[in-house]
Amino acid sequence: MADAVIGWRVFEHWDPARIETVRLPKEQIPRIGYIPIAISKFTKDRAAAQAFIDFLTGPEGRAVYARHHYFATAEDAARWIGADKPVGGEYEVPKEWIRK
């Protein structure tokens, strides 16, 4: 059992009786993350993988994400945060956050 985790805001919808999303102030959010999609370099059927991506990024796929409370686009995440932020990439944790 954990008292707190850093994770997706969708966790609250998985078990609303026991999980509460605590919003960080938008100034403390350096980057936007949402569910990324990619084609593996090991795929055996690139056309099928691309068709799946096209479905997920199309109106029907985005509706499925929305129905289950996920951000389907960076714009959805930015709207929830209340600010435009960079998407993805790497972020270095400030040294003062690390305890030795």
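Quick note: the coordinates plus some simple rules give every number you see, no bench work behind them. If you're wondering where the values come from, they're calculated on a predicted model, not measured in any experiment. All Cβ positions, glycine included, derive from the backbone under ideal geometry; neighbour counts span all protein chains shown.
Descriptive notes on the structure:
- Amide H within-cut-off set for Val87, under 5 Å, with H built and near neighbours excluded: Ile32
- Dimensionless Rg ratio for the stretch 11-90, taking C-alpha atoms and the 2.2 N^0.38 Å reference: 1.30
- Efficiency of FRET between Thr73 and Lys95 - r from beta-carbon atoms, R0 30 angstrom, step 0.05: 0.35
- Per-residue Cβ neighbour rank within 10 angstrom, fewest leading, Asp76, Asp3, Asp84: Asp3, Asp84, Asp76
- Between the Cα long axis of helix 46-57 and the first principal axis of the chain there is an angle of about 50°, rounded to the nearest 10.
- The mean sequence distance of close C-alpha pairs (under 8 Å, at least 6 residues apart), as a share of the length of the chain, puts its relative contact order at 34 percent.
- Summed side-chain charge close to Glu60 - residues other than Glu60 whose Cβ falls under 14 Å, Lys, Arg +1, Asp, Glu -1: +1
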